[in-house]
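Peer 1: Would you mind keeping the following structure in view while I ask a few things?
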Amino acid sequence: MSTHSHADMLPRGTLITAGALVLFAFTATATVRLAHIPAAASPVAMRAAQHLVPVEQRNLRFTDRPDGAVVIADTDRGENASIIEPGQKTGFIRGVMRGLARDRRMRGIGDRPPFNLALYRDGELSLTDTATGRSIELTAFGSTNRAAFLALLPKGGVS
């Protein structure tokens with residue numbers, strides 16, 4: 001019969017380090033709450049506070065076709081902005097839209113409300129779900145991914 005000791009399971013230093021991390025987390029959280037440190041402002045809130053308006057924007061609806069293509073329609077003009085055929089290298093657009101569509105499904109929202117694609121004077125590009133208010137700052141994903149959405153604007157971001 002072997003003897004089993006809990007003292008052999010974790011070194012004392014590991015337990016002290018874990019306890020210190022938990023204490024630090026509680027202290028940091030309490031400090032932020034008690035000191036009323038404001039959260040970092042989102043780009044959407046900052047633009048609203050500064051009353052910035054887009055220099056170019058478009059309301060778009062993304063619809064899947066049975067053949068796997070995605071039709072991107074301009075809801076204001078009643079015309080197609082683009083069609084992403086199956087096999088095209090547009091994984092970023094498909095990935096972003098898949099996440100936004102999942103959010104809508106969870107909320108019981110269909111695909112009728114458009115998404116607003118907006119370009120600002122400082123070059124920032126955002127996609128906002130008009131039904132949920134969720135906004136994605138596309139510039140944060142790099143120039144190639146940003147360009148995929150920028151091409152959906154009527155002028156393509158060129159003034």
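FYI, it's all coordinate maths here, none of it is from the lab. Computed from a predicted model, the values in this text were never measured in an experiment. Note: ideal-geometry Cβ built from the backbone for every residue, glycine included; neighbour counts use all protein chains shown.
Peer 1: Measure off 7 Å from each Cα along the Cα-to-Cβ vector at residue 12 and residue 37, then give the distance between these two points in nanometres to one decimal.
Peer 2: 3.3
Peer 1: Can you tell me how much longer the chain between residue 132 and residue 98 gets when fully stretched, taken as 0.36 nm per residue apart minus their C-alpha distance, in nm with one decimal?
Peer 2: Residue separation times 0.36 nm, minus the Cα-Cα distance, leaves 10.8 nm.
Peer 1: Related question: Please state the relative contact order of region 46-150 as a whole percent: Cα pairs under 8 Å, 6+ residues apart?
Peer 2: 24
Peer 1: If the elastic network links every pair of Cα atoms under 10 Å, which of 17, 31, 139 fluctuates the most in the Gaussian network model of the chain?
Peer 2: Maximum fluctuation in the GNM of the chain, among the listed residues, is at 17.
Peer 1: Oh, and also: Based on other C-beta atoms within 10 Å, arrange 111, 74 from fewest to most.
Peer 2: 111, 74
Peer 1: For the chain, what is the calculated [θ] at 222 nm in deg cm²/dmol (nearest 500), taking -39500 (n - 2.57) for each run of four or more DSSP H residues and dividing by its residue count?
Peer 2: Calculated mean residue ellipticity at 222 nm is -11500 deg cm²/dmol.
Peer 1: Any chance you could run the full-extension gain for residue 63 through residue 107? It's 0.36 nm times the residue separation minus the Cα-Cα distance, nm to one decimal.
Peer 2: Working: separation 44, 0.36 × 44 = 15.84 nm, distance 1.82 nm.
Working it through step by step, the gained length comes to 14.0 nm.
Peer 1: A further question on this structure: Report, by chain and number, residues whose modeled amide H sits under 5 Å from the one on residue 81, excluding near sequence neighbours (fewer than 5 apart, same chain).
Peer 2: Amide H neighbours of residue 81: 72, 73, 74.
Peer 1: Quick test of the membrane-span-like rule: which DSSP H helices of the chain reach at least 27 Å along their long axis (C-alpha atoms) with mean Kyte hydropathy at least 0.0?
Peer 2: Helix filter hits for the chain: 12-35.
Peer 1: Specify which labelled value, from (i) 37, 14, 12; (ii) 45, 24, 15; (iii) 26, 16, 15, agrees with semi-axes √(5λ) of the Cα gyration tensor in Å derived from the coordinates of the model shown.
Peer 2: From the options (i) 37, 14, 12; (ii) 45, 24, 15; (iii) 26, 16, 15, the structure gives (ii).
Peer 1: What distance in nm separates the simple spin-label points at residue 140 and residue 23, each placed 7 Å from Cα in the Cβ direction?
Peer 2: About 3.4 nm, to one decimal.
Peer 1: Where the centroid of each part is defined by its Cα atoms, how far is region 86-159 from region 18-85 in Å?
Peer 2: That distance is 10 Å.
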